[in-house]
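**Student:** What follows is a single structure, and I will ask about it in a moment.
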Amino acid sequence: MSEKLFGLNGKVAAVTGGTRGIGRAVAGGLAEAGADIALLQRNTSQVDIKKEIEGHGRTCHIIPCDLNDKEQVKAAIPSVVEAFGRIDILVNAAGIQRRSDAVDFSEEDWDDVLNINLKTTWILCQQAGRYMVPNKSGKIINFASLLSYQGGIRVPAYAASKGGVSQLTKALSNEWAKEGVNVNSVVPGYIATDMNTALIQDEDRNQQILDRIPAGDWGKPEDFIGAVVFLASDASRYVHGHQLAVDGGWLGR
Ligand SMILES: NC(=O)c1ccc[n+]([C@@H]2O[C@H](COP(=O)([O-])OP(=O)(O)OC[C@H]3O[C@@H](n4cnc5c(N)ncnc54)[C@H](OP(=O)(O)O)[C@@H]3O)[C@@H](O)[C@H]2O)c1
């Protein structure tokens, strides 16, 4: 029963952000569930996760892709299809953060954050959709944020970008659900990754955050494996345009 619902044997998943943090855990989890993996990665000399995936008996190719490079981003999904002959799952897990008081926030930081978090997500979704929609099958999973709902503090570009990811997910779902393509997003709460080193090291801010999380602790990258495998599998056949929170209860409070 669980293999039929959640198994990913024979599927090909393209993953951004697979070198570190949540994306890395998720890429490994998809491979454990049976998927072959294309890692869309800028640092092609980082091969640890590729080896880990191959250790699960899966095929893995690193597709060179600096998400700041529009031409590489546009070429990435066609390269996945060329390497594997197909694409069944796209996970947009890469993301960046920049923090500054809004009055000092630079235009460069604004452009970088909007470009990587929102525009490249859109381009990769569109490129994947060009294969998935005619095939009447596919799973797209975007990484949104609590800041898809809330404004955050000193992170105006990030909040704007993640609000956009949430809306983009729904917009694509409205077009592609009837084509057999599920477009959903995952909403992480506060997760202990490199992105949050500054917050974790700030004792006061760290305590404020912990006091606000019903689960009482930071989340871990591994907490996302179940949610992403679910959204990538047949188990989520009728789940469309959903924002799946993995947040220790934050949004319910
Ligand atoms: N951590 C949280 O609390 C939290 C909360 C809400 C939402 N999220 C979202 O969840 C996702 C994963 O977050 P995370 O905390 O796991 O992030 P992370 O540990 O900071 O890792 C970021 C990933 O994005 C990749 N990346 C960044 N810029 C890139 C570029 N120009 N080209 C190619 N890859 C690039 C990084 O690759 P390199 O190794 O090459 O730098 C890395 O794999 C992100 O979308 C984030 O916004 C996280």
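The values are calculated or read from the model by the stated rules, or taken from the named source; none is laboratory data. Small disclaimer: the values here were computed from a predicted structure and weren't measured. Because the Cβ atoms are built from the backbone with ideal geometry, glycine has one as well, and the counts that use them run over all protein chains shown. Remember, those area values only see protein heavy atoms, side chains included, never the ligands or the DNA or RNA. Shrake-Rupley method; radii C 1.70, N 1.55, O 1.52, S 1.80 Å.
**Student:** What's the magnitude of the charge dipole for the chain around its Cα centre, counting Lys and Arg as +1 and Asp and Glu as -1 at the beta-carbon? Answer in Debye, nearest 20. All intermediate terms of the calculation are to be shown ahead of the outcome.
**Tutor:** Details: 26 positive and 30 negative charges, 179 e Å.
In total the dipole reaches around 860 debye.
**Student:** By the gyration tensor of its Cα atoms, with a ≥ b ≥ c the square roots of the eigenvalues, what is the shape of segment 40-98: rounded for a/c under 1.5, prolate for a/b over b/c, or oblate?
**Tutor:** Details: a/c = 1.80, a/b = 1.23, b/c = 1.46.
In terms of gyration-tensor shape, oblate.
**Student:** Given the Cα-Cα distance of residue 202 and residue 9 and 0.36 nm per residue of separation, how much length would full extension add, in nm?
**Tutor:** Details: separation 193, 0.36 × 193 = 69.48 nm, distance 4.33 nm.
Contour length minus Cα-Cα distance gives 65.1 nm.
**Student:** Each residue of segment 162-174 in turn: what ³J(HN,Hα) in whole Hz from Karplus with 6.51, -1.76, 1.60 and θ = phi - 60°, glycine and Pro shown as x?
**Tutor:** My calculation for segment 162-174 gives 6, x, x, 4, 5, 5, 4, 4, 5, 4, 5, 4, 4 Hz in order.
**Student:** Which whole-Hz couplings ³J(HN,Hα) result when phi for each residue of segment 198-206 is put into the Karplus expression 6.51 cos²θ - 1.76 cosθ + 1.60, θ = phi - 60°, listed in order with x for Gly and Pro?
**Tutor:** Values per residue, Gly and Pro as x: 4, 5, 5, 7, 8, 4, 5, 5, 4 Hz.
**Student:** Give me the lysines in straight-line cross-link reach of residue 70: C-alpha distance below 16 Å, same-chain residues under 8 apart excluded.
**Tutor:** 119
**Student:** Still on this structure, please answer the following. How charged is the neighbourhood of residue 48? Take every other residue with its Cβ under 12 Å from the Cβ of residue 48, and add Lys/Arg as +1 and Asp/Glu as -1.
**Tutor:** Here the charged neighbours net out to +2.
**Student:** Keeping the other protein chains in place, figure out the carbon and sulfur percent of the accessible area of the chain, with a 1.4 Å probe. Mind dumping the intermediate values first?
**Tutor:** Details: 5590 of 11760 Å².
Summing carbon and sulfur atoms, their accessible area is 48 percent of the total for the chain.
**Student:** Further, regarding this structure: Considering only protein heavy atoms, what per residue accessible area in square angstrom results for the chain with a 1.4 angstrom probe?
**Tutor:** Accessible area per residue, the chain: 46 Å².
**Student:** Roughly how many whole Å is it from the C-alpha centroid of segment 131-189 to that of segment 1-58?
**Tutor:** What the calculation gives is 20 Å, centre to centre.
**Student:** Now a separate question. So how much slack lies between residue 42 and residue 251, counting 0.36 nm per residue of separation and subtracting their Cα-Cα distance, in nm?
**Tutor:** Gain on extension, residue 42 to residue 251, equals 71.9 nm.
**Student:** Which net charge results when you count Lys and Arg as +1 and Asp and Glu as -1 among the other residues whose beta-carbon is under 14 Å from that of residue 206? Please list the in-between numbers first.
**Tutor:** Working: positive: 205, 212; negative: 202, 203, 204, 211, 217.
Summing Lys/Arg as +1 and Asp/Glu as -1 gives -3.
**Student:** Same structure again: For the chain, modelled as a Gaussian network with Cα springs under 10 Å, which listed residue fluctuates most, 164, 17, 152?
**Tutor:** Per the Cα network of the chain with a 10 Å cutoff, 152 tops the list.
**Student:** Rounded, prolate or oblate: pick one for segment 104-253, where a ≥ b ≥ c are the square roots of the eigenvalues of its C-alpha gyration tensor, a/c under 1.5 means rounded, and failing that, prolate if a/b is larger than b/c, else oblate.
**Tutor:** Working: a/c = 2.52, a/b = 1.49, b/c = 1.69.
Here segment 104-253 falls in the oblate category.
**Student:** Pick out, from 92, 152, 229, the residue whose Cα sits farthest towards the positive end of the charge dipole of the chain, with +1 on the Cβ of Lys and Arg and -1 on the Cβ of Asp and Glu.
**Tutor:** Farthest along the dipole direction, towards plus: 229.
**Student:** In nm, to one decimal, how far is the modelled label at residue 101 from the one at residue 75, with both set 7 Å along Cα→Cβ?
**Tutor:** A separation of 4.4 nm, rounded to one decimal place.
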